[in-house]
Amino acid sequence: MKYEKLDAAAIDTLLTERRLWELARDGAAISRSFKFRDFGEAFAFMTRCALIAEKLDHHPEWFNVYNRVDIVLSTHAVSGLSALDFKMAEAIDRLTPAD
Ligand code: HBI
């Protein structure tokens with residue numbers, strides 16, 4: 001399998017390095033919400049995330065309304081979290097200043 005499913009201990013460790021992300025879906029995903037100046041800023045952010053998703057072949061589940069973007073990351077292939085989710089989260093964090 002390309003990516004192994006992470007266990008709770010590994011997830012806890014990785015989350016200490018991703019403090020702006022929270023566990024979601026009973027530990028099967030991580031999520032973070034963003035607020036931007038306006039819709040244009042939010043959509044520009046989503047466009048940059050989309051390019052990263054394509055490069056990593058790992059795609060977010062997300063919701064956008066006006067200047068808000070909610071992102072959920074999980075690895076469908078393992079029905080839970082893998083290292084790829086945290087790699088994607090790190091890349092997304094690099095796009096935004098720490099809240
Ligand atoms: N994105 N979030 C997420 N999780 C996946 O398991 C996943 C993906 N994007 C593409 C992908 N898997 C590829 O393995 C395709 O085969 C589905």
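The values are calculated or read from the model by the stated rules, or taken from the named source; none is laboratory data. A quick note: this is a predicted structure, and the numbers were derived from the prediction, not measured. Backbone-built Cβ (ideal geometry, glycine too); neighbour counts: all protein chains shown. Ligands, DNA and RNA are excluded from the accessible area calculation, which covers all protein heavy atoms including side chains. Shrake-Rupley method; radii C 1.70, N 1.55, O 1.52, S 1.80 Å.
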- Note on the structure: With the 1.4 Å probe rolled over protein heavy atoms, the chain has an accessible area per residue in Å² of 61 Å²
- Task: Kindly report, to the nearest 10 Å², the accessible surface of Glu17 as traced by a 1.4 Å probe over protein heavy atoms only.
- Result: 110 Å²
- Approximate spin-label separation Arg68-Thr13, in nm, with each point projected 7 Å along Cα-to-Cβ: 3.6 nm
- Note on the structure: Largest fluctuation, Gly80, Gly40, Gly27 only, Gaussian network model of the chain with Cα springs under 10 angstrom, belongs to Gly40
- Base-10 log of normalised Debye intensity for segment 8-93 (one unit scatterer per alpha-carbon) at q = 0.21, 0.27 Å⁻¹: -0.98, -1.42
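Run the accessible area of the chain with a 1.4 Å probe and give the carbon-and-sulfur part as a rounded percent. Don't skip to the end; give the middle numbers.
Numbers: 3300 of 6040 Å².
Carbon with sulfur: 55 percent of the solvent-accessible area.
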- With label points built 7 Å along Cα→Cβ from the Cα atoms of Leu95 and Arg48, find their separation and express it in nm. 0.8 nm
- Note on the structure: In degrees rounded to 10, the 0-90 angle between helix 39-56 Cα long axis and the longest Cα principal axis of the chain is 30 degrees
- Nitroxide proxy distance, nm - points 7 Å out along Cα→Cβ at Tyr3 and Glu22: 2.2 nm
